[in-house]
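Structure first, then comments.
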Amino acid sequence: MNEALTGWRMTVPDSETVPLTLEDYLGRPEWHGRALCRGETRTFFSAAPGNLAKARAVCQGCPVRQERLGVAMADKDLVGMWGGTTEAERREMRRQGSAVA
């Protein structure tokens, strides 16, 4: 398994309706707790106008942006905004062979 995916569990897009268990929290790396996007699920998984710009603004100042981007680059199935990038942007980065710093 890819190192970026080892030992973490992502928040599902509809986490407001899916109760998280203690195991969900314990299975996540410590950097999840420092993510500025915590609690703003709809912003990062919604196609509503203005959400893309709002999500990018949150990602811009996030202390764990690189970690989030690393996970998203390693998992081609992730949807939404991750590490300040959209699905299409990550596909293009993969196509060009972009490395995550």
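The values are calculated or read from the model by the stated rules, or taken from the named source; none is laboratory data. Everything numeric in this text was worked out from a predicted model, so none of it was measured. Please note: Cβ atoms are built from the backbone with ideal geometry, for glycine as well, and neighbour counts cover all protein chains shown.
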ask   = Looking only at residues in the range 3-51 that are surrounded by 12 or more Cβ atoms within 10 Å (Cβ to Cβ) and β-branched (Val, Ile, Thr), which one is modelled with the highest pLDDT?
value = Thr43
note = Here the qualifying pairs (Cβ atoms under 6 Å; residues six or more apart or on different chains; first in the range 61-73 and touching a residue at least 40 places away in the same chain (Cβ under 8 Å); second assigned to a loop (DSSP other than H, G, I, E, B)) come out as Gly70/Val100; Met73/Val100
message = Only one of Gly61, Gly70 is at pLDDT 90 or above, surrounded by 17 or more Cβ atoms within 10 Å (Cβ to Cβ) and either of a type in the set (Gly, Ala, Ser) or out of contact with any strand residue (DSSP E or B) (no Cβ under 9 Å at 6 or more places or on another chain) (or both). Can you tell me which?
response = Gly70
